[in-house]
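Reading through the structure tokens given below for one structure.
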Amino acid sequence: MTNKMAMEWITAIDKRPCERNMRDCELISCRLRRVEPLCRLPGSALQQLAMCGFYEDLEKGVTLFRAGEQGRYWYAVLGGQLEVRYHGAEAKDSKLSVTLCNLGVGATFGESILHDLPRDSTVVTKTTCELLRVEQEDFRLIFEKNKELMNDIISNCKLKNGFGQSMQTTSTIQSGINQQQQQPSPTKKQLSPDHPNPALPITEAPSPAMSRMGWALRTLLVSDNTSCLKDRKVGGKFIRKCAPGTELVDWLLNLSPIVHTRTQAAGMWQALVEEGVLSHVAKEQPFKDKCFLYRFKVDEDGTAGGAPSSDDVSQANDHIREALPGLLHRGPDATLRMILRKPSHERTHEELELVYEELLHIAALSHLSTSIKRELASIIVFEAHAHAGTVLFNQGDEGRSWYILLKGSVDVVIHGKGTVATLKEGDDFGKLALINDAPRAATIVLKENNCHLLRVDKEHFNRILRDVEANTLRLQEHGKDVLILERVAKQRGHSAFKYTVMSGTPQKMLEHLLETRLGGQAGPNDPFLDDFLLTHIVFMPTPILIDELASTYHADTEVDMRTASEEDQEYFMTCKRRVVQFIQRWVLAVRHAVFDDPLAVEFIEEIATDVEQEGVLQEEASIIHHVLTQLSRYQEDRQMNASQKWKLPPNGQPICLFSGNTHSKTVIRPDDDIIFRVYCADHTYCTLRFPMAATAEVIKACAADKLQLARMPEDLLLVEVKSNGERMVYKDNDVSIPTALSLNGRIFVSPKDHLDALTPLPEQELPTEALDMDFEALPTKDVAYHMTLFDWDLFWAVHEYELLYHTFGRHHFNKITSNLDVFIRRFNEIQYWVVTEIVSTSNLTKRMSLVKKFIKLAAFCKEYQNLNAFFAIVMGLSNMAVSRLSQTWDKLPSKFRKLFTEYEALIDPSRNHRAYRMSVGKLQPPVIPFMPLLLKDMTFAHEGNKTSLDGLVNFEKMHMMAQTMRTVRYCRSRHLVLDPPSPKNENEIRQYISCFRTIDNQRVLTAMSQKVEPRRS
């Protein structure tokens, strides 16, 4: 990985500056950030260096420039050493020169170009060297924008290397050199006391679980005569039982099949390092998959004892089998904490991306822009405190840092008042210190042992804010902001920057989009156009969008084109071209949602007619013709499936087609009818037929009339009563009522003052009706195959817009979410089917066999990349009613217990489902994703960010939501093609998996569980 990264960054910097793309700049910036003192420069300055710098790889003995020459370049040393030589005025032979100093990694020189002064010394490579070279004009621009920091870097470099602004005499220099040679070499610079050392533990003593794991791993290592744990002589010292990181990784990979990658193995060893079970022999390195030596704490302390017995080895093997998945699960978190304890300049590009992904899901940072979060990734620090009662800071202290609690809690104490609040995981404090110089308003005391925090220091945060503000462009009209842009590195071309939209008025953003993102102007990774098309319904409804597009297209309406200048004619034609290109991209991005809108269809047809009459718009005529062809096909398909009629069966089954089309991938449409029941308090009911888009107000009025409830509509409520008795009241403007029901829910109409009288129907506590088949008799792979095909059709029918409707509220758009509702219901159906089947099985052996079969079913669903069903099955097996069945689990073969532990680790919600996100990020489509998590991401983006900021649309929020919507699109960007299993029982299996027998009342399920396995006394 390291060699690959090195090759990537050299390939990037070997390109001419005008040919570098954004990825190249990121790689180069990341490499420069690892060089002290360049890491102190703001991100924008590093990006500028990345855009304009040249790479030089020089052999030993090359003279870069001589004293007296006119300078053209500034240099930074990335590798190797150079000599700075001084020649006296009378010296004509280089042999009479005096070496002023040696320049090592991080040194900078050549700044005389700022003032057009000749070089005052000669610089020669002492070893093979890697240099960054910047031309005079570019360096001046960077220096002017970062004058204070650049001056500091240049001055420190001069002081460090023993020479100042003015030249010393040769004798003084020589004297200084002699003195320097007599001094001992400087010791390695220690980390700041405010910056944690990633090589040291974060706890005072290892936890019992990690101590035991360390014992087990060491026992197996020591008992293996061929293992890497050996006594070694290092630097003249004898080190007992140590091993290189690379060999420890190799050994762990061979130990267990659950460890798949070197990164996983390294993370597991780091989990032991951060608890002090294992350490670098010199306490200088965290765990690295390199040749650094590590040893166990017991070997360092001399408390290891003798060779392990055969019983010890047997116990160690048993413990490894049981507990290794837990260590595997700890690895990613330990790796993240290690990265967050590194100094900024040591964090690699991949590590910065990992930290950034983590920051996206921290609520305390949700109000910050993407740019600020990316900058925070390089400076935010992890710190751990072992003891409750530790004072983090005192009231009246100078404010230096902002903290976010990751684990544990703290008390907020004020003089004279005592503890006024307790802050818990996810809370933040000390933020005011970053924006003003007021003293601390309270004392913060740790309430628990082993508290984990993230820390942002004031100097870094303020520098980031200044940097972001310097890169912000505000466009105003009538003295008010109408568009706020942020400058970022451009992907191609000679210009070093382009602008991305942060916020703006809808009209100004559309205008900016038409001017800058169409006609091949946008880069391949520029998401602005796609973000706009996916989210415009939130801030710019389709009728308004069409009006604005029509105004742009018909900008020439009041102009006599015969008398217009050639330049004006070209402008008006460009406007028309851009609108046609916008329509093309619009249809491509959101598909049938455009064709479902009568106004949009009318507008497209009008534009098509006009384009055909314009002889100069031949290319646009071809584009619009293609769009019309798509429209025609869609309308034909709609006509074939017109008047679809659905029914909601009365006994808890999912909705199904009553008549009409029965082929797969059937999309539920707003004008489709659905037949369903509405009950009243005495459990009498009426059967209604309404379009899917019917509102709760219309449904309740009709139901009340049929059920003869003599109340005014405003005195009535439409309510869902769930199987556990919980009631959920619908808003009058709610739509998609029948499809939004929970698994065994029923729709009731009730007077407002009789709401408490509503009770579940007796059958709601019973299993839903389903085909009576023995699941155990069915081939597991066949069931997984047909489940995946069925779930794929449900997923395929969900439009990305439904995620927006669900997040902001259907009533805001008056749009249905029926396809999404059905897909979410399917997740719950599978989950409770698993629980229902297991707790309904009284025979212990058969119940164990059923658990084993469900674990195998989860494995096949995972293999087919049906992650929605995979999650549902594993969560069903983790349900309290199943997990308490200790006799069943004890009887389960260890192979299946181990597999289930792996699956539990994969669905673990900690760190915002990081394990799942890392796993799914490696998959290629088609994928059926875990939909509840995508909806959680949408909700997080919505609730954590305002839609409007100072009267402008917060487009960064739109970008976050569009990212999730793009995930849905990506997952189905390829058609699902699976090798079919045997055709035996095919029809029966298809019928069986389309409607499972489920109980969703947790109280009933727990009672059934206790009946088949009573509590042990």
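The values are calculated or read from the model by the stated rules, or taken from the named source; none is laboratory data. Keep in mind the model is a prediction, meaning the values are calculated, not measured. No Cβ is skipped: glycine too gets one built from the backbone with ideal geometry, and neighbour counts run over all protein chains shown. Ligands, DNA and RNA are excluded from the accessible area calculation, which covers all protein heavy atoms including side chains. Shrake-Rupley method; radii C 1.70, N 1.55, O 1.52, S 1.80 Å.
Name the one entry in Gly389, Gly399 that is buried (at least 17 other Cβ atoms within 10 Å of the Cβ), touching a residue at least 40 places away in the same chain (Cβ under 8 Å) and either in contact with a strand residue (DSSP E or B) (Cβ under 8 Å, 6 or more places away or on another chain) or assigned by the TED database to the domain that holds Lys447 (or both).
On the way: Gly389 fails: buried (at least 17 other Cβ atoms within 10 Å of the Cβ).
Checking each option against the conditions leaves just Gly399.
Take the residues in segment 350-367 that are out of contact with any Asp or Glu (no Cβ under 8 Å at 6 or more places or on another chain) and within 25 Å of Pro439 (Cβ to Cβ); name whichever of them is surrounded by the most Cβ atoms within 10 Å (Cβ to Cβ).
By that ranking, first place goes to Leu365.
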* Some residue of segment 526-533 being farther than 20 Å from Tyr553 by Cβ, at pLDDT 90 or above, outside the structural domain of Gly399 (by the TED database) and open to solvent by less than 20 Å² (accessible area, probe 1.4 Å) -> yes
* Structure fact -> Expected single match for modelled with pLDDT of 80 or more, more than 18 Å from Arg487 (Cβ to Cβ) and open to solvent by less than 50 Å² (accessible area, probe 1.4 Å) among Leu27, Leu46 is Leu27
* To do: Give the number of residues within segment 629-656 that are surrounded by fewer than 13 Cβ atoms within 10 Å (Cβ to Cβ) and of a type in the set (A, V, I, L, M, F, W, C).
  => 2
* Could you please tell me which pairs satisfy a Cβ distance under 9 Å, a separation of 6+ or placement on different chains, a first residue in segment 453-477 that is over 17 Å from Asp950 (Cα atoms) and of a type in the set (A, V, I, L, M, F, W, C), and a second residue that is open to solvent by 40 Å² or more (accessible area, probe 1.4 Å) and assigned to a helix (DSSP H, G or I)? => Val456/Lys431; Ala470/Lys145
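Answer with yes or no whether Ala243 is within 16 Å of Val298 (Cβ to Cβ), open to solvent by less than 20 Å² (accessible area, probe 1.4 Å), part of a strand (DSSP E or B) and of a type outside the set (Val, Ile, Thr).
For Ala243, the condition - within 16 Å of Val298 (Cβ to Cβ), open to solvent by less than 20 Å² (accessible area, probe 1.4 Å), part of a strand (DSSP E or B) and of a type outside the set (Val, Ile, Thr) - is met.
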* Asked: When both residues are 6+ apart or on different chains and their Cβ atoms are under 7 Å apart, which pairs have a first residue that lies in segment 191-218 and is not assigned by the TED database to the domain that holds Ser314, and a second that is at pLDDT below 90 and acidic (Asp, Glu)?
  -> Ala199/Glu284
* To do: Among the residues of segment 213-229, write down those that are exposed (fewer than 15 other Cβ atoms within 10 Å of the Cβ) and not hydroxyl-bearing (Ser, Thr, Tyr).
  => Asp224, Asn225
* State the number of residues belonging to segment 615-628 that are open to solvent by less than 50 Å² (accessible area, probe 1.4 Å), of a type outside the set (A, V, I, L, M) and over 41 Å from the mean Cα position of the chain (by Cα). => 0
* Restricting segment 68-86 to residues that are open to solvent by 50 Å² or more (accessible area, probe 1.4 Å) and assigned to a loop (DSSP other than H, G, I, E, B), which is modelled with the highest pLDDT? -> Gln81
* Structure fact -> Pairing a residue in segment 594-620 that is more than 16 Å from Asp547 (Cα to Cα) with any residue that is assigned to a loop (DSSP other than H, G, I, E, B), where Cβ atoms lie under 6 Å and the two sit 6 or more apart in sequence or on different chains, gives Val611/Leu617
* Test set (1) touching a residue at least 60 places away in the same chain (Cβ under 8 Å); (2) surrounded by fewer than 18 Cβ atoms within 10 Å (Cβ to Cβ) - Met338 fails condition number -> (2)
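Scanning segment 246-268 for residues that are of a type in the set (A, V, I, L, M, F, W, C) and not in a helix (DSSP H, G or I), which turns out nearest to Thr335 (Cα to Cα)?
First, pick out the residues of segment 246-268 that are of a type in the set (A, V, I, L, M, F, W, C): 248-249, 251-253, 255, 258-259, 265-266, 268.
So of that shortlist, the ones also not in a helix (DSSP H, G or I) come out as 258-259.
Details: Ile258: 18, Val259: 15 Å.
Among those residues, the one meeting the criterion is Val259.
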* Considering each of Arg374, Arg347 in turn, give the residue that is open to solvent by less than 30 Å² (accessible area, probe 1.4 Å) and among the basic types (Lys, Arg). => Arg347
* Within segment 863-881, is even one residue at pLDDT below 95 and of a type in the set (Ser, Thr, Tyr)? -> yes
* **Among the candidates Arg917, Arg911, Arg897, residue that is among the basic types (Lys, Arg), over 27 Å from the mean Cα position of the chain (by Cα) and open to solvent by 30 Å² or more (accessible area, probe 1.4 Å)** => Arg897
* Structure fact -> If we keep only residues of segment 762-777 that are in contact (Cβ under 8 Å) with a residue 24 or more places away in the chain and more than 23 Å from Tyr679 (Cα to Cα), then the residue least open to solvent (accessible area, probe 1.4 Å) is Phe775
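The rows are residues; the columns are (1) of a type in the set (Lys, Arg); (2) in the same structural domain as Asp671 (by the TED database); (3) touching a residue at least 40 places away in the same chain (Cβ under 8 Å).
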| residue | (1), (2), (3) |
| --- | --- |
| Ala757 | no, yes, yes |
| Pro760 | no, yes, no |
| Pro779 | no, no, yes |
| Asp782 | no, no, yes |
| Leu794 | no, no, no |
| Ile816 | no, no, yes |
| Asn819 | no, no, yes |
| Phe827 | no, no, yes |
| Val834 | no, no, yes |
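Inside segment 647-755, counting only strands (runs of 3 or more DSSP E) that do not spill past its ends, which hold 2 or more residues that are touching a Pro at 6+ places or on another chain (Cβ under 7 Å)?
673-679, 716-721
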* Please enumerate the residues belonging to segment 851-884 that are open to solvent by 10 Å² or more (accessible area, probe 1.4 Å) and more than 23 Å from the chain's Cα centre (by Cα). => Lys852, Lys853, Lys856, Ala859, Phe860, Glu863, Tyr864, Ser878, Asn879, Met880, Ser883, Arg884
* Residue check, His786 over 19 Å from Ala694 (Cα atoms) and not assigned by the TED database to the domain that holds Val667 -> yes
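For a quick check of your reading: which helices (runs of 4 or more DSSP H) sit entirely within segment 872-970 and have at least 1 residues that are free of Cβ contacts under 8 Å to residues at least 60 places away in the same chain and assigned by the TED database to the domain that holds Lys862? So that I can check it myself, show each step before the final result.
Working: elements: 880-883, 886-891, 894-907, 910-920, 931-943.
It comes to 880-883, 886-891, 894-907, 910-920.
If I filter segment 979-996 down to residues being assigned to a loop (DSSP other than H, G, I, E, B) and in contact with a helix residue (DSSP H, G or I) (Cβ under 6 Å, 6 or more places away or on another chain), which single residue comes out as surrounded by the most Cβ atoms within 10 Å (Cβ to Cβ)? Show your work before the answer.
Step one: list which residues in segment 979-996 are assigned to a loop (DSSP other than H, G, I, E, B), which gives 979-985, 995-996.
Remaining after also requiring in contact with a helix residue (DSSP H, G or I) (Cβ under 6 Å, 6 or more places away or on another chain): 981, 996.
On the way: Pro981: 17, Phe996: 24.
By that ranking, first place goes to Phe996.
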* Answer yes if at least one residue in segment 804-824 is touching a Cys at 6+ places or on another chain (Cβ under 9 Å), assigned to a loop (DSSP other than H, G, I, E, B) and buried (at least 23 other Cβ atoms within 10 Å of the Cβ), and no otherwise. => no
* Structure fact -> Within segment 407-438, residues at pLDDT below 85 and either touching a Leu at 6+ places or on another chain (Cβ under 9 Å) or not aliphatic (A, V, I, L, M) (or both) come out as Lys431, Leu434, Ile435, Asn436, Asp437, Ala438
